[in-house]
Structure formats: C-alpha cells, structure tokens
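The values are calculated or read from the model by the stated rules, or taken from the named source; none is laboratory data. Source: prediction; values computed, not measured. Glycine also receives a Cβ, built like all others from the backbone with ideal geometry; neighbour counts cover every protein chain displayed.
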C-alpha cells in the first residue's frame, strides 16, 4: 500500500523547524529533509533551518554575519521554539 505524501507546509511553522527550507532550482517543492542546522544572526534572529547538504547553498545567499548552529545548540541557547518567528 502506497502512503500519500504529507506536505509539511500544512503544519504550523513550529513543526516546519524540523525541515530544510532550501528550494532546489527546478523543483516543485522545498527539500523537506530533516533540518539539523539553524542559521542565526549574531543578534539572535533566526534566518533559516537547513540540512547539512544545503547549508553551503544558504551561505552563498546570506549577506552579513551569521552563525551556523546545530539545532540542539540553538535550543540550548534559549531560542528553541519560543522565538517570535515560531509563534512564541
């Protein structure tokens, strides 16, 4: 039995934090791979969630300083899922 594809975009933004937001050129949807990396400005502003594979692609698009944090480290710093970007 074939399972229907579950589109993560139908979930809350907090749920989307688990998925890579990179949209490969020519594709009809974002990557949606598990996002283990969070790109964050020095001010603490969250920029993007990404998988390791697409982190270099995001780095080429982001202007200015940013940090590439493991999601667990980002959460440990207190940003976690409480930030305003995630409805907290």
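When the stretch 40-80 is filtered for residues that are in contact with a strand residue (DSSP E or B) (Cβ under 7 Å, 6 or more places away or on another chain) and part of a helix (DSSP H, G or I), the ones remaining, listed by number, are 55, 58, 71, 74. For the stretch 60-79, filtering for residues that are surrounded by fewer than 16 Cβ atoms within 10 Å (Cβ to Cβ) and either closer than 14 Å to residue 18 by Cα or at pLDDT 85 or above (or both) leaves 11. Apart from one condition, residue 51 fits all of (1) surrounded by fewer than 15 Cβ atoms within 10 Å (Cβ to Cβ); (2) modelled with pLDDT of 75 or more; the exception is (1).
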